[in-house]
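Notes to accompany the following structure.
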Amino acid sequence: MKENVQMSQKPRRTFTAEQKAQAVAIVQQSGKPISQVAQEMGLTESALRQWVKQATIDQGGGNQGALTTQERVELTALRKDLKRVEMERDFLKKAAAFFARESSDPMS
């Protein structure tokens with residue numbers, strides 16, 4: 001039999017945009033490796049690496065076609081709006097079909 005073993009996870013920490021910007025600035029200005037700065041600041045290397053990568057994109061560098069932070073925010077909002085509009089459309093389709101059946105029903 002397999003036992004259901006769960007590992008305890010650390011609670012996910014959140015950082016403000018200011019905290020992220022400060023960490024990125026330290027990496028960019030100090031010339032220290034990301035791994036060292038992450039260790040000194042108590043961050044995961046992967047998180048700091050992603051923040052530096054996103055800052056580079058926001059400053060006009062990075063891969064062509066990569067989304068800036070502002071574009072990511074806009075994309076998220078557009079996806080949320082699209083989902084709402086699709087739900088409204090589906091509801092209206094069902095309502096129209098219901099009323100079409102009601103008006104063509106000879107028993108009315």
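The values are calculated or read from the model by the stated rules, or taken from the named source; none is laboratory data. These figures come from a predicted structure and were not determined experimentally. All Cβ positions, glycine included, derive from the backbone under ideal geometry; neighbour counts span all protein chains shown. Accessible surface is based on the protein model in full, side chains and every heavy atom, while ligands, DNA and RNA are left aside. Shrake-Rupley method; radii C 1.70, N 1.55, O 1.52, S 1.80 Å.
Data for the structure
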| read-out | value |
| --- | --- |
| Phe91 modelled with pLDDT under 95 and either small (Gly, Ala, Ser) or not in a loop (DSSP other than H, G, I, E, B) (or both) | no |
| Qualifying residue in the range 44-52 (condition: assigned to a helix (DSSP H, G or I), closer than 15 Å to Ala21 by Cα and of a type in the set (S, T, N, Q)) | yes |
| Pairs with Cβ under 7 Å, 6+ apart, first in the range 54-68 and surrounded by 15 or more Cβ atoms within 10 Å (Cβ to Cβ), second assigned to a loop (DSSP other than H, G, I, E, B) | Thr56/Gly62; Ile57/Ala66; Ile57/Thr68; Asp58/Thr68 |
| Hey, Ala47 over 19 Å from the mean Cα position of the chain (by Cα) and of a type in the set (A, V, I, L, M) or not | no |
| Residue in the range 26-34 that is open to solvent by 70 Å² or more (accessible area, probe 1.4 Å), polar (S, T, N, Q), within 20 Å of the chain's Cα centre (by Cα) and on the phi < 0 side of the Ramachandran plot present | no |
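Yes or no, residue by residue, for (1) among the acidic types (Asp, Glu); (2) touching a residue at least 12 places away in the same chain (Cβ under 8 Å):
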residue	(1), (2)
Glu18	yes, no
Ala25	no, no
Gly42	no, no
Arg49	no, yes
Val73	no, no
Asp81	yes, no
Arg84	no, no
